[in-house]
């Protein structure tokens, strides 16, 4: 329970930082939690905070390489905002900007609570999938148990991926 409280504290503080950047840039956004924290399948001591920065007024005319470049720029601005603020950089460590199968992924770490954060831009399907898994687990407790077993098996079998 304490772990979830710490994750929510991290989320709230991180949201306020992202809000500063997005407001300055003129973007309307939501910062959506997805993954095991959202669907209830987190394994104690192994939770991170997967976040999708959903930008509602993302320029529709931008596509392909320009979209990827704009996404990267937005993540870099959030990272730079944290690095340049002594208040924020005291709590958050800015990690690597990685290329994932979805696009760019910016890593952060909350030093206070030890929460790892993965931030992506406009990853909209995964939050719906997390919600769906959560609802399946509410309908039948066996689903939750089976999903946890599969998650544990996957982590032990494919830990390097």
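Structure data summary
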read-out: Gain in span if fully extended, residue 100 to residue 138, counting 0.36 nm per residue against the direct Cα distance; value: 10.6 nm
read-out: Alpha carbon centroid spacing (whole Å) that separates region 1-68 from region 116-161; value: 17 Å
read-out: With Cα atoms, 0 to 90° folded angle of helix 2-25 axis to the chain main axis; value: 20 degrees
read-out: 23 Å tail of the calculated P(r), the chain, as % of Cα pairs; value: 42 percent
read-out: Choice from 24, 151, 67 showing the highest fluctuation, given a GNM over the chain with Cα pairs closer than 10 Å; value: 24
read-out: Net length gained if the chain between residue 89 and residue 154 were fully extended (0.36 nm per residue, minus Cα distance); value: 20.0 nm
read-out: Gaussian network model of the chain, Cα within-10 Å springs - most flexible of 60, 90, 20; value: 60
read-out: Relative contact order (%) - the chain, alpha-carbon pairs under 8 angstrom, separation at least six; value: 25 percent
read-out: Helix axis angle, 141-157 relative to the chain longest principal axis, alpha carbon, degrees; value: 70 degrees
read-out: Reciprocal mean inverse distance between Cα atoms of region 75-146 - Kirkwood radius, Å; value: 14.4 Å
read-out: Footprinting exposure proxy for 102, 92 (fewest neighbouring C-beta atoms within 10 Å first); value: 102, 92
read-out: Fully extended contour minus Cα-Cα distance, from residue 146 to residue 124, at 0.36 nm per residue; value: 5.4 nm
read-out: In degrees, nearest ten, helix 64-84 long axis to first principal axis of the chain (Cα); value: 90 degrees
read-out: Calculated FRET efficiency for the pair residue 13/residue 70, C-beta based, R₀ 30 Å, to 0.05; value: 0.70
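All of the numbers you see were taken from the coordinates with simple rules; none came from a lab. This structure is a prediction, so every number in the text was calculated from the model and none was measured. With ideal geometry, Cβ positions are generated from the backbone for all residues, glycine too; neighbour counts draw on all protein chains shown.
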